[in-house]
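What follows is a set of notes on a single structure, which appears directly below.
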Amino acid sequence: MELNYAGIIVGAAVFLSIGICHPITIRLEYYLGRKGWWVFCVAGIACTIISLMVESQVASTIIAALAFSCFWGIGEVIKQEQRVLKGWFPENPKRHDYYEQKRKELSQQK
């Protein structure tokens, strides 16, 4: 019986891509704020195009999974701003005025 390692390889790669995207999301929001979503969008589109061109089924699947991890990251950058506003993550001191304005807007909505 011959073992097929493709599923294990793809699973590990997906786990790794999610693990890589999480700290990138945190840093991207810290330095660029929620307007940094475009970085994930461009990376996701690029990976999608590349995955269509790669002949290897396993490599194409891994690259496509990375693409969709990037697309997921778009929403996570926006959610990360909310986490910072709640005090769950540190805010960038250079952007303190922006966060204070956002907090003021949120308190007026309630």
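Observations on the model:
- Among the residues making up the range 36-66, those that are in contact with a Cys (Cβ under 8 Å, 6 or more places away or on another chain) and more than 30 Å from TYR99 (Cα to Cα) are CYS47, ILE63, ALA64, LEU66.
- Sole exception among (1) more than 21 Å from GLY11 (Cα to Cα); (2) surrounded by fewer than 16 Cβ atoms within 10 Å (Cβ to Cβ); (3) in contact with a Ser or Thr (Cβ under 8 Å, 6 or more places away or on another chain) for GLN101, by number: (3)
Every residue, every condition in (1) exposed (fewer than 12 other Cβ atoms within 10 Å of the Cβ); (2) hydrophobic (A, V, I, L, M, F, W, C); (3) assigned to a helix (DSSP H, G or I), yes or no:
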| residue | (1), (2), (3) |
| --- | --- |
| LEU3 | yes, yes, no |
| ILE8 | yes, yes, yes |
| ALA12 | no, yes, yes |
| PHE15 | yes, yes, yes |
| GLY19 | yes, no, yes |
| HIS22 | no, no, yes |
| TRP37 | no, yes, yes |
| ILE63 | no, yes, yes |
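- Residue tally, condition touching a residue at least 12 places away in the same chain (Cβ under 8 Å) and of a type in the set (A, V, I, L, M), over the range 4-19: 6
- The residues of the range 24-35 that are open to solvent by less than 100 Å² (accessible area, probe 1.4 Å) and either in contact with a Ser or Thr (Cβ under 7 Å, 6 or more places away or on another chain) or without any contact (Cβ under 8 Å) to a residue 24 or more places away in the chain (or both) amount to a single one, LEU32.
- Among the residues of the range 65-84, the ones that are open to solvent by less than 50 Å² (accessible area, probe 1.4 Å) and under 26 Å from ILE8 (Cβ atoms) come to 5 in all.
- GLY87, sole failed condition from (1) open to solvent by less than 30 Å² (accessible area, probe 1.4 Å); (2) outside any helix (DSSP H, G or I); (3) of a type outside the set (D, E, K, R): (1)
- Residues that are closer than 14 Å to TYR99 by Cβ and either outside any helix (DSSP H, G or I) or hydroxyl-bearing (Ser, Thr, Tyr) (or both) within the range 24-35 comprise TYR30, TYR31, listed in sequence order.
- Taken together, the residues in the range 47-59 that are assigned to a helix (DSSP H, G or I) and either open to solvent by 40 Å² or more (accessible area, probe 1.4 Å) or of a type in the set (Ser, Thr, Tyr) (or both) amount to 8.
The values are calculated or read from the model by the stated rules, or taken from the named source; none is laboratory data. These figures come from a predicted structure and were not determined experimentally. Methodologically, a virtual Cβ is constructed for each residue, glycine included, from the backbone with ideal geometry; neighbour enumeration extends over all protein chains shown. Just the protein is used for accessible areas: all its heavy atoms, side chains included, with ligands, DNA and RNA removed. Shrake-Rupley method; radii C 1.70, N 1.55, O 1.52, S 1.80 Å.
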